[in-house]
Structure formats: structure tokens, C-alpha cells
Amino acid sequence: MSREAFIPRVITAVLLLACAAPLTAAVDYANVVIADAHVHLLDFLQNGDHLENGEIVEKVPGAALPSGQRGKRIEAVLWAMDRANVSHALISGMPFLKKWSEDDPVRPGYYLDATSRVVLARDTDYHVALAIEDFKREGGETARIQLKRLYPCVSGFDSTDLGAVDMIAKRMKEFPGVFKCIGEVMSRHDDLTNLTTGERPRANHPALLRIFDFAGEQRIPVSIRHNIAPVSPGDKPKKPLYLAELLDAFNEFPDTTFIWCHAGISRRILVRDLIGHLDRVLADHQNHVIIDLSWVVYPSYILQDLDGWSALIRRYPNNFVIGSDAVGRFGDYPDQIRIYDVLFDALGDLDLIEKLASQNFLRIMPDNGVSLDMDYHYPEKKYSRQPITPP
Ligand SMILES: [Zn+2]
């Protein structure tokens, strides 16, 4: 696509985002079961909706659920999934906390609400695990069956810390059988990583290589957020400068399953021929890389070129998943996840639609959570600078 043709499409996409996509599907796909590959139980203040007497109680700063009742957060997400015909979901906490700085006149809730920093939320996985433990304890056998629908991930670690893999292993030892995946790993996330301090993550950082290696060893997938390019301050497309880092990781770990969030797109990321880039990635990595089509890539790229994306999905029918990217808010969840009818329409073929909607996701997710031996320890020397032979 020429630059001239590209830019109006992107601008159109921004307008679409602002006033809800005017495209409508010819067929109602409400009966198509979805598996949501991208849900956050918590928001950037580590708050999340919960369910009370069958009604959603909206998250507010400072609210907490006492021990024994934290499972109400799990009830909320399951309640929302039932209303949207969603059978399964990947759930993570939120690895960052948005600070309320003294110069912010109003408390920021979203990371873009103010210029205040975001800091690592190392407690986020505890919120997820404790909610699951309470839900299990209070709900008995029914709860155990319901929990088969959820795939909790570990996410609250520093992606530049070579010791992060040990923290992940620790969480898995503390909550055996709870965690079934790792992510959303935050790597190359423009506005969000810009608000952190210190070293910035990248997909081929040794700290992440250790984690990807561990994930392959444990046969659990990694969901990673890694933009394909820097943001475009104006309307000039950028080269896919960050793709090579991700390919390093994909090449190094052919036995690790990766879910690449949002197809590498974020707000203000303009690249030419995204379909071509994804095609080339999947040509080499279709056995272990899955592309998540949630969030802004859907209105800003996919809805702008339904024929091109449909052709790509047809070429790699086993490599795409969809998601809501819900962030701790579940009252309007059906509106967040049932947005893919137009794409379903373009695909036409029900077998293909079902693969995209749920089967691809279910194929890659493990049935059971990881249980590690208490004496498990990830090797110190792998992907670190420690000499193999001690001096
Ligand atoms: Zn996300």
C-alpha cells in the first residue's frame, strides 16, 4: 500500500475508534462461542470489579475484599463471560501501578491519564491467586469445574531482571496448579514503558530469554506485548525497528508458544505492510507463534483492510486468536468482546471462524496449572554472564 493510501486509512481508523465502527455484519454471530485470549482481572490501580448478589460492584480506589471473599472477583469475570457466550479466558493481573503524583490535580486511573510514573506491581499475581484460592475454597466441586475455564498468568515481574524467572517460579510454588501461563509480558510498550524508570525491556533481553526458556520447559505459553515499531509522532509510517528483537526470541525458543499481543500494534504505530510482516513471521514460526487481534489493531488495521486480513487468516488458520483486553471492568464486557462479527463475516467459513474464535486458543493452553517441586531452581548460568567454568 502506498503511503498516500495508507495515511487516510489510519486517520479513518482513529475516527472509527472515536465513534464506534459503523461497519455491521450481515449475520449475527452471537451463537459462536469465544475464548478470550486477553483479560486483565485488575486495572492500573490494582482494582477490579467483583460480584455481589448477582450484581457487578464497580471497582473504586481503596476498595478491598477480605480474606475468604476475594473469589467474588472470579465470580465477576465468569458472570461476564456467561453473558457474552465466552467459554474460556486468559486472565492476568496488571504488572504496573499508576502512581498519583502530588502535581496531579485528579487521581489518574489509566496510565495515560497523567504524566506520573508507573511502578511495578509485584503484588498483582497474589491478587489473582488469592481470588482463585478463595473461589475454590468457597465453591467446592462446582468451582473446580468453573476454574477449568480460566487460564491465570503470572505477570508481576521486572522484565529486565535476570532474577524475574525465580519470582515466577516462587509464585508457582506458593500456588501449585494455579498458574497456566506467563504474561502479559510488557516489552516495547511505547507510552506505558516510557512511564517506567530505569532499564527498558525488549524481547531479546537475557531476563526474558530465561523466562521464555522456563516457559518452554514447563510447556506453558507466554503472552507478550512487544510493539513492532516506535510510535509515529505525525502521520509518517515507521520501519518495524523492534521486530528483529522479537524474532531473536522466536528463533531461540522454537518449543515455547508465544501469543503476540495486538499483532505488535499500539496507538500511533504506523507501519506499512503489517500483513506482509506478519506473513513472514508466521511462515517461519507458525508452529509456536499465535497472533492476538485484540485492542487497537482491530479498528485501525483489520477493519480497514478486511480482505487482506481475511486472506492472511486463511493462510494461517491456526495462528490467530481474539480478545477483549478488558481491564478490571466487567459490567459492559459483552460490548468489549463481541466486536468481531465484521471479521467473522469477512471470513465466511464457519470452521475458520470457530478456529479464530476459540479453538486456536484452546489448542495452545494447558489443561492444568504448573506445579513445581519445592527444590526447583532455574539454572543460574543460563543466559547470564556467569562463567560456565568457575574461576
Ligand atoms: Zn493487555
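Computed from the coordinates by the stated procedures, all read-outs in this text should not be read as laboratory data. As the structure is a computational prediction, the values presented were derived from the model and not from experiment. Here the Cβ is made from the backbone with ideal geometry for all residues, glycine too, and neighbour counts use every protein chain on show.
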Exposure proxy ranking, count of Cβ atoms within 10 Å, fewest first, for Arg171, Arg73, Arg144: Arg144, Arg171, Arg73
Pair-distance profile P(r), taking every C-alpha pair of the chain, with 20 angstrom steps and integer %: 28, 61, 11, 0
Cα lying deepest toward the dipole's positive end in the chain, options Leu312, His205, Ala121, charges on Cβ: His205
Interchain or long-range residues, amide H under 5 Å from Val57's placed H: His50, Leu51, Glu52
Cleavage-rule hits, GluC sites (Glu not before Pro), the range 55-123, DSSP coil, Cβ neighbours within 10 Å at most 10: Glu102
Derived scalar couplings ³J(HN,Hα) [the range 70-83; Karplus, 6.51 cos²θ - 1.76 cosθ + 1.60; whole Hz; x for Gly, Pro]: 5, x, 4, 5, 5, 4, 5, 5, 5, 4, 5, 4, 4, 6
Hull-based mean projected area of the range 108-232, where the convex hull spans the alpha carbons, in square nanometres: 9.0 nm²
Charge dipole (the range 38-364, unit charges on Cβ, about Cα centre) - positive-most of Ala326, Ala229, Gly216: Gly216
Top positive-direction residue, dipole computed over the chain with Cβ charges, set Ala84, Ile275, Pro176: Ile275
Amide H partners (placed H, <5 Å) of Val185, local residues excluded: Ser223, Ile224, Arg225
Percentage relative contact order, the chain, counting C-alpha pairs under 8 Å, at least six apart: 22 percent
Filter on Lys98/Lys238; Lys59/Lys236; Lys72/Lys381; Lys238/Lys382; Lys72/Lys98 - keep pairs with C-alpha separation over 32 Å: Lys59/Lys236; Lys72/Lys381; Lys238/Lys382
Phi-based couplings in Hz for the range 164-181 (Karplus 6.51, -1.76, 1.60; Gly and Pro marked x): 4, 4, 5, 5, 4, 4, 4, 4, 6, 6, 5, 10, x, x, 7, 8, 10, 6
Amide H partners (placed H, <5 Å) of Ala326, local residues excluded: His40
Per-residue ³J(HN,Hα) for the range 43-59, Karplus 6.51 cos²θ - 1.76 cosθ + 1.60, θ = phi - 60°, Hz, x for Gly and Pro: 9, 6, 10, 6, 10, x, 4, 9, 10, 9, 6, x, 10, 6, 9, 6, 5
Debye, to nearest 20: dipole size of the chain, +1 on Lys, Arg Cβ, -1 on Asp, Glu Cβ: 660 debye
Stokes-Einstein translational diffusion, the range 223-343 - Kirkwood Rh over all Cα pairs, 1.306 mPa s, 10 °C, in µm²/s: 106 µm²/s
Restricting the range 298-391 to trypsin sites (Lys or Arg not before Pro) in coil, as DSSP defines it, with at most 12 other Cβ within 10 Å: Lys381, Arg385
Cβ-based exposure ranking for Val154, Val327, in which fewest neighbours within 10 Å come first: Val327, Val154
Fewest-first ranking of Thr196, Thr142, Thr256, using other Cβ atoms within 10 Å as the exposure measure: Thr142, Thr196, Thr256
